[in-house]
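Below is one structure, written out as C-alpha cells; the observations come after it.
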Amino acid sequence: MHISKLTLVNYRNFKSTNLAFQRGVNTIIGENGAGKSNILRAIRLLLDDNMVRAAYRLEESDFNRALGQWKGHWIIISMEFENLSPDEAVQALFLHGTAGIHAGPISKATYNLIFRPKKEIRLKLAALEDFDNAGLKAIRDGITIDDYETIFTGRSSADFGDPATYQRIVGNFDVCSFSGETDFPEIGAKVPGFLSVTKEVSLTFIQALRDVVAEFHNNRTNPLLTLLRSKSGEIDAAALVPIVDKVRDLNGAIEGLEDVQSVRKHIRETIKETAGETYSPTSLSIRSDLPEDAEQLFQSLRLFVGESEDGYEGTINELSLGGANLIYLTLKLLEFKYQREKMAIANFLLIEEPEAHIHTHIQKTLFDRIAYEDAQVIYTTHSTHISEVSNVSNVNILGRRGSFCEAYQPATGLDPAQVTSIQRYLDAVRSNLLFAKSVILVEGDAEEILIPALVKKVLGLSVDELGLSVINIRSTGFKNVAVLFHDTRIRKRCAIVTDLDTAFFNTTPNPADDDARVARKRKAIGSQTAGAQRKVDLDAFSAGNAWVQSFYAKHTFEVDLVGSGNHEAFVRSVDKVYKAPATITQAITDLRSGQIHQSGCRTLTMAEQEGKGWFAILLAQTLDHQAVVPDYIREAVLFAHGPFSRPLIMRILRHRMNCLWGTDHSARPGLTLFNSEVERFGCSEIDLVTLRTAAIAALPGDVIHVFLAGMT
C-alpha cells in the first residue's frame, strides 16, 4: 500500500494543487518558501499518530492567504492510497472507513481531513439568496476559528482539486451562491473514532537537520534515547536487577568516602554558623547522581564517535556538523527499521532536506541506499545533487504562482523514451532547471557565460536575482528538455536561445577558391540549411504552448554580439588573444570595419583560436555598462522573466543612473530630477509609460530604453 495522490485545498501556501506519488522513493523539489515542509506536515496530519491532536486544532494561519477572507472557506487535505493488500485486517479498516463500496477486495482508498464551519454556520450560508453580499458579510463577521470543526472521512468520490466541485460543495463567495444542501455524500463518510489509520501504519519523520546537537540533548527528541526506550521494553526486567543493585552499591561507596563525609560535615557547620540553627536545613547530604532505575540509566547513556584515525572518540557536540548530521540520520533510520518490524499495514518514511552540511557524495549515496521494498519514502530537497539521482517520474516540483504555490509532475504524459532522455540531461548542472523560476536554454559555453554577464552589466541584476537559470544544453537538442515545460507538466517559462547560422559572407562557389575556402563555404551553407530547419521544428514544437518560445540569432551568438554594437568590447580583448603587433592592428581594423563579414569572421577566428568558452571568459571581463544586448537575447530574457515588478524596475533604473553619474558629471542635475520620478513610480503616482518618457529625457541614448519598452 502506498500514497498515490495528495490534494491540498486552501492549506497554507497551497490554494489548490495535486501531488502524485509512486511506490518506492519520491522527491519533492522546491526553492525556500515553496511549501515543502507544509506538504510533509499535511501528510503527517493524516498518518502520524503524534500529530492527531494538531490535526484537530487548525488555526487561521493554516488558511491560504490568497483567499483574502478565510471565513466560511474549507481546508481539505485528501489522500489516495493504491495497491491495498487483500489482507483481511487491511480490507476491514478501509472498507469500514476510507474505501469506496465494492463487492470484492478493494485496491484503492481515500482518506481526507476536512476543516470546515460547523453545521449551524453552513445552514446560515445555505439560507442566503444569491448576491446577498450584505447578508454574507454579516455571517462572516461573526465567524471565529471556534466555529470550525475537523472531520476525517473516507469513501469520498469528490475531486477536491476541481474548482467547480469546490464551489458546488462549499459555495461561491464572489456571487454569494451557496447550495441548499449542507451535507454531501461525495465528500465521504466520517471515519469512526475507533478506526484510526495512524494506529495501523508506521510513519517516521526525519526533520530538517538544523541543530542536531540540541536534539541529542533533549530527552524528548534524542534519537538514541528513543531507540533505547524501544528496546528496553524487550529486556527481561529480572536482568536489570543485578545492574541496579551494582549502581546502588557504587553510589553508597562514593557517598561513604571519608573526604565526601568531611566536606558534608563542614557544609552543615558553616550553614549553622551563618544562618543559625532555626533557618538551617534539617538535613543535607552529598550523594552520587548515578541513576538507580532502568529509564534513568538509559537517559544517562551518551554516544561517542570517532571521525579520525587516531582512535579518539568524542561526544556529538565535538563532531563536525556533517558528522553529527550523518549520525542523527543513521539513528532515525534505525528507528524506522524498528518500527517496520512491528508489521504495520504500510510503512512511510518522510525525510526533510537531508542535504544540510553533508558532503555531496554522501547525499547521493544516502538517496541511493535509502530504498525499501516494503516502504514508501518521500524526500523534500533543494539540493541539485539529490535531484540529479532522483527518478524524474517520481518527482514533484513546487513553483510559486503569485500569492500561492502549486505542484508540477514533470513526467506527466511523456512516453518512456522521452523520460529516459530527460533523465540523462538531469545531471548536477542541468538539474537546477527543476529549481528555477524560469529557464533559458542555450546551446553552448559562450551563451552560458556571456548572457549572465550581459544581463548583470546592463540591468545591474544577476540572472539569479531575476530567478532565471541559464542552462547549457551543449547541443541543439532543446526539445528533449523543453518538453518538460507545459500546462500538464512544469508551468514555468522556458526560452530557447539558438542560432539560425545564416551565412554572413559570400558562399557562392568560385573556381579560384582554395580547398580551405571551398570547405568553409560548404560548411556555412550546411549550417544555414540546418538552422532554417531547426527554426521550423522549434516553432512547430512550441506552437500552442504558452510556456515555451524560441529566439534566434540571425547568424551565430558571437557574430550577432559584435554586430549589435559591442565591437569595442571585442577590441579590448584583442591583445589577450594576439601578441604580434601587425595581427593586433589588423584584428582591430576588422572589428571596427562596420562590415559584418569582416567583424564576424574576425570574431569567430578569435573564438576558435582561444576556444569559445575561454574566449567568452575573456570577453566577459571587457564588457561594461554600455554593452548592447542583442535583440533576440533581450526578448528571451523578457519572455522568460515575465512581468517586472515596480521594485525591480526601480533597481534597474537606479543602476543605470549610478553608471551615468560616475561617467558624465553634466548629467547629474537631470538624474536628480529623474530619481524623483522613479520614486513617484514606486509609490504608484505615475505609470510605466510616463516613467519611460522621463527615462528617455534623463538617460539619452541609453541601452536600457529597449529593455524598458518590452517590460510590462
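The values are calculated or read from the model by the stated rules, or taken from the named source; none is laboratory data. Treat the numbers as computed from the prediction; the structure is a model and nothing was measured. Counting neighbours? That spans all protein chains shown, and the Cβs are built from the backbone with ideal geometry, glycine included.
Points to keep in mind about this one:
- Test result for residue 507, closer than 22 Å to residue 548 by Cα and either at pLDDT below 95 or crowded, with 22+ Cβ neighbours inside 10 Å (or both): no
- Test: residue in the range 419-435 that is out of contact with any Asp or Glu (no Cβ under 9 Å at 6 or more places or on another chain) and modelled with pLDDT of 90 or more: no
- Pairing residues of the range 239-254 that are closer than 15 Å to residue 285 by Cβ with residues that are loosely packed, with under 11 Cβ neighbours inside 10 Å and modelled with pLDDT under 75, at Cβ distances under 9 Å and at least 6 apart in sequence or on separate chains, gives 251/289.
- Restricting the range 430-479 to residues that are of a type in the set (A, V, I, L, M) and assigned to a loop (DSSP other than H, G, I, E, B) leaves a set whose member that is nearest to residue 641 (Cα to Cα) is 466.
- Matching residues, the range 1-49, being free of Cβ contacts under 8 Å to residues at least 40 places away in the same chain and either polar (S, T, N, Q) or outside the structural domain of residue 115 (by TED's automatic domain parsing) (or both): 38
- Residue in the range 631-647 that is without any contact (Cβ under 8 Å) to a residue 24 or more places away in the chain and within 38 Å of the chain's Cα centre (by Cα) present: yes
- Filter result for residue 464 (charged (D, E, K, R), modelled with pLDDT under 95 and within 23 Å of the chain's Cα centre (by Cα)): yes
- The set of residues in the range 231-250 being modelled with pLDDT under 75, surrounded by 10 or more Cβ atoms within 10 Å (Cβ to Cβ) and of a type in the set (D, E, K, R) consists of 231 alone.
- Taking the criterion of being within 23 Å of residue 641 (Cα to Cα) and outside any helix (DSSP H, G or I), the residues of the range 687-712 that qualify are 687, 702, 703, 711, 712.
- Some residue of the range 506-523 being among the acidic types (Asp, Glu) and under 28 Å from residue 707 (Cα atoms): no
- Lone unmet requirement of (1) at pLDDT 95 or above; (2) under 19 Å from residue 62 (Cβ atoms) for residue 20: (2)
- For the range 19-57, a residue qualifies if it is within 20 Å of the chain's Cα centre (by Cα) and more than 26 Å from residue 145 (Cα to Cα), and the qualifying residues are 19, 20, 21, 22, 25, 26, 27, 28, 29, 30, 31, 32.
- Meets criteria (in contact with a Lys or Arg (Cβ under 9 Å, 6 or more places away or on another chain), of a type in the set (Asp, Glu) and surrounded by fewer than 15 Cβ atoms within 10 Å (Cβ to Cβ)) for residue 159: no
- First in the range 683-706 and on the phi < 0 side of the Ramachandran plot and outside the structural domain of residue 650 (by TED's automatic domain parsing), second anywhere and among the aromatic types (Phe, Trp, Tyr) and modelled with pLDDT of 95 or more, Cβ under 6 Å, 6 or more apart: none
- One residue from 287, 302 being farther than 30 Å from residue 377 by Cβ, exposed (fewer than 13 other Cβ atoms within 10 Å of the Cβ) and either assigned by TED's automatic domain parsing to the domain that holds residue 203 or modelled with pLDDT under 75 (or both): 287
- Within the range 570-591, tally of residues that are under 43 Å from the mean Cα position of the chain (by Cα) and farther than 18 Å from residue 611 by Cβ: 2
- A single member of 37, 16 is of a type outside the set (Phe, Trp, Tyr), under 30 Å from residue 466 (Cβ atoms) and in contact with a Pro (Cβ under 9 Å, 6 or more places away or on another chain), and it is 16.
- Number of residues in the range 413-429 that are aliphatic (A, V, I, L, M), part of a loop (DSSP other than H, G, I, E, B) and surrounded by fewer than 16 Cβ atoms within 10 Å (Cβ to Cβ) equals 2.
- The single condition among (1) surrounded by fewer than 19 Cβ atoms within 10 Å (Cβ to Cβ); (2) touching a strand residue (DSSP E or B) at 6+ places or on another chain (Cβ under 8 Å) that residue 15 does not meet is (1).
- Matching residues, the range 654-691, being buried (at least 17 other Cβ atoms within 10 Å of the Cβ) and either over 22 Å from residue 624 (Cα atoms) or touching a strand residue (DSSP E or B) at 6+ places or on another chain (Cβ under 8 Å) (or both): 670, 674, 677, 678, 681, 691
- Members of the range 117-148 that are among the polar types (S, T, N, Q) and either at positive phi or in a helix (DSSP H, G or I) (or both): 133
- Within the range 142-158, tally of residues that are in contact (Cβ under 8 Å) with a residue 60 or more places away in the chain and either farther than 21 Å from residue 55 by Cα or of a type outside the set (A, V, I, L, M, F, W, C) (or both): 4
- Candidates 151, 114, filtered to the one that is assigned by TED's automatic domain parsing to the domain that holds residue 190, within 37 Å of the chain's Cα centre (by Cα), in a strand (DSSP E or B) and modelled with pLDDT of 95 or more: 114
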